[in-house]
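J.: Okay, here's the structure, questions in a sec.
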Amino acid sequence: MKIENVKINCRFFKGDIPCKPHKKYNVKCIDDNGNECSYFDEIREKILIIKLGATGDVIRTTPLLTKLKNEFPNAKIFWLTHSPKIVPNLVDDILKFNESSISFLRSVKFDYLFNLDKDKQACALALEIKSKIKKGFILKESLPFPTDKDAESKFMTGLFDDINKANTKNYLEEIFEICGFKYSGEKYILPEFTSDEKWNLDHSKKVIGLNTGCGGRWISRLWPDEYWINLAKQLVKNNYEVVFLGGEQEDEKNKHYSKSSGGKYLGHYDLATFVNLMDQCNLIVTGVTMAMHITIGLNKKIVLFNNIFNSNEFELFGLGKILQPEKECKCFFSSTCTNEEYKCMEHLLPETVYSTIEELFSK
């Protein structure tokens, strides 16, 4: 076969190794009789998504893939991120943020570039990488700035607390708007995770996951230790199976919570195993964390604690309820509580959480 007949615009083309159809069916782009390969899948657009972010941020951006696949069915989609393991396989080329990936992306000319991060590195790359159309954020005068009017609203909510508080759009509406689309209820997409763990959980009962962490940055969101213990005791007493969830940072306190309440704590795990453990639960109680987004991605019932963010930001897809303290939080979008009068999370009571769990299971 002549080199001019090699279909480099085919989705299966690798460039350095044989493509899958050739290995499996011994086909070529053009055979000796001049017939085109029946597996030819033409790539008409190249699209780059830059969403570096934490794992949860990447998960809540995945609904955009459904829209892109509908709008550009023949596109090849690239995604640059710090969290490649959580990007679903709808993406053709998942790139971990490093020098090798950046060097590669500089050599590609894209049709569409969607940068959804206001991180300076992300904005610098969005400015530098070649693309016919750029949406989201780039650098202007060495600082993040919108590429066009579609990104202005999200940009302004990040700068001014009063504008943020007045916002009525959820995050998905905002990112779709940034990209020039209208959000139509597209859902989260998770990769398929498998685990060989045999979980010591009684599935004859409703399994409640209590995700007790909130990350090291946002300690203003922490719920008091005694509240987690009291909630777990109440759940165990009423015949629920309780399992405490968290990462390495929550390991010691989850051991304490388990010992003090009768709830189970099975340990902390890698991402795939943690997702599998969460999938054992019927309902999860969590703050605004990675676990919140995993819960939604798994289509599980959820009780979400929120105290420092605009609650309009969250789309729960009818899976649960957002609970906020009875006393106003005066530390809007602050990592630590600055209110000397009271800690607002002390005014979100275990009894309220328990009654909400009962309510969600009664529906």
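The values are calculated or read from the model by the stated rules, or taken from the named source; none is laboratory data. Quantities reported herein were computed from a predicted structural model and do not represent experimental measurements. Heads up, the Cβs are rebuilt from the backbone with ideal geometry, glycines too, and the neighbour counts pull from every protein chain shown.
J.: Restricting attention to the stretch 178-195, does a residue exist that is among the acidic types (D, E), touching a Ser or Thr at 6+ places or on another chain (Cβ under 9 Å) and farther than 27 Å from L360 by Cβ?
T.: No, because not a single residue in the stretch 178-195 is among the acidic types (D, E), touching a Ser or Thr at 6+ places or on another chain (Cβ under 9 Å) and farther than 27 Å from L360 by Cβ.
J.: Being under 11 Å from the mean Cα position of the chain (by Cα), of a type in the set (A, V, I, L, M) and more than 17 Å from K187 (Cβ to Cβ) is the filter here; which residues of the stretch 53-76 pass it?
T.: A54
J.: Condition first: within 14 Å of N211 (Cα to Cα) and not in a helix (DSSP H, G or I). Now tell me which residues in the stretch 250-264 satisfy that.
T.: G263, K264 - these are the residues of the stretch 250-264 that are within 14 Å of N211 (Cα to Cα) and not in a helix (DSSP H, G or I).
Residue by residue, here is whether (1) under 20 Å from E197 (Cβ atoms); (2) at pLDDT below 95; (3) not assigned by TED's automatic domain parsing to the domain that holds F244 holds:
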{"site": "A272", "(1), (2), (3)": "yes, yes, no"}
{"site": "I284", "(1), (2), (3)": "yes, no, no"}
{"site": "I294", "(1), (2), (3)": "yes, no, no"}
{"site": "N299", "(1), (2), (3)": "no, no, no"}
{"site": "N312", "(1), (2), (3)": "no, yes, no"}
{"site": "G320", "(1), (2), (3)": "no, no, no"}
{"site": "Q324", "(1), (2), (3)": "no, yes, no"}
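J.: I would also like to ask the following. Go through the residues of the stretch 55-72 one by one and say whether even a single one is under 19 Å from I178 (Cα atoms), touching a strand residue (DSSP E or B) at 6+ places or on another chain (Cβ under 7 Å), assigned by TED's automatic domain parsing to the domain that holds F145 and assigned to a strand (DSSP E or B).
T.: Among the residues of the stretch 55-72, not one is under 19 Å from I178 (Cα atoms), touching a strand residue (DSSP E or B) at 6+ places or on another chain (Cβ under 7 Å), assigned by TED's automatic domain parsing to the domain that holds F145 and assigned to a strand (DSSP E or B), which makes the answer no.
Each row is one residue, and each column tells you yes or no for (1) hydroxyl-bearing (S, T, Y); (2) more than 23 Å from R60 (Cα to Cα); (3) surrounded by 18 or more Cβ atoms within 10 Å (Cβ to Cβ); (4) touching a strand residue (DSSP E or B) at 6+ places or on another chain (Cβ under 6 Å).
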site	(1), (2), (3), (4)
F176	no, no, yes, no
S184	yes, no, no, no
K187	no, no, no, no
L190	no, no, yes, no
T194	yes, no, no, no
W199	no, yes, no, no
K206	no, yes, yes, no
G209	no, no, yes, yes
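J.: Need a quick list: helices (runs of 4 or more DSSP H) entirely within the stretch 95-179 having at least 1 residues that are of a type outside the set (S, T, Y) and over 24 Å from the mean Cα position of the chain (by Cα).
T.: 99-105, 120-128, 161-166
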